[in-house]
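*Asks:* Questions regarding the structure given below will be posed in turn.
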Amino acid sequence: MVTSNTPPRGVVVVDLDGTICEHRYPAFGEPIAGAKEALQRLKAAGFWIVIHTVRTSASWQAAETYAPEVNSPEAVSAFLQRHQIPYDEIWMHDKPFAVAYIDDRGLRLTGNRSVSNWHEIADALLPWETRPPDLPRWLVWLVKQCTAWGQRLRGGSLWPSLPWKKRGPYYRE
């Protein structure tokens, strides 16, 4: 969608926490190396820079945890101005149209309807599921045993059932 007021190069949407500054919520973290300079270059090249952050989200107001000193567009603007980080707009609504989205939690989809990297994206989000598809049966059994043992250990049900745990040298009835 192109309108008469669309910047010549397009819109670049940039996340704040973890992308422009370090994650230190509710405080603002220190600026991340290179963010200011890169955004200055994009601005000079004619891009419209939109800061899109959940700090300004209505969900904070709904949860009654809205703190204007960290959640308001004014607070975000003050942080950006204090560090001389260029921007054109702070976006508080749904994701805006853009030519690029810069975010610390983004995953890039490549491909088309025949071939894509969706499996790599799922593997990145589900690391505990990634295993070679053709494991020997004995190895599958061993992994299941170790996983079950780990779950019992984390749940605290493995050690209390052992007799030596109940009758150690400091055991008193």
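Laboratory data are not the source of any read-out in this text; all were calculated from the coordinates shown. Quick caveat, the model's predicted, so the values are computed rather than measured. Reconstructed Cβ throughout: ideal geometry from the backbone, glycine too, with neighbour counts over all protein chains shown.
*Asks:* With labels modelled as points extended 7 Å from the Cα through the Cβ direction, what inter-label distance (nm, one decimal) is found for GLU30 paired with LYS95?
*Replies:* Between GLU30 and LYS95, the simple spin-label model gives 3.1 nm.
*Asks:* In what order do ARG137, ARG55 fall by count of nearby beta-carbon atoms within 10 Å, going from fewest to most?
*Replies:* Ordered from fewest to most neighbouring Cβ atoms within 10 Å, ARG137, ARG55 come out as ARG137, ARG55.
*Asks:* Between ILE102 and residues 5 or more places away or on another chain, which pairs have amide H atoms under 5 Å apart, with H built 1.01 Å from N, and which residues are they?
*Replies:* Those qualifying (amide H under 5 Å, at least 5 residues apart or on another chain) are VAL13, VAL14, ASP15.
*Asks:* Quick one: divide the alpha-carbon radius of gyration of region 11-102 by 2.2 N^0.38 Å and tell me what you get.
*Replies:* Here the answer is 1.04, to two decimals.
*Asks:* Pulled fully out, how much extra length does the chain show between LEU107 and GLU37, if you take 0.36 nm times their separation in residues and subtract their Cα-Cα distance?
*Replies:* 22.9 nm
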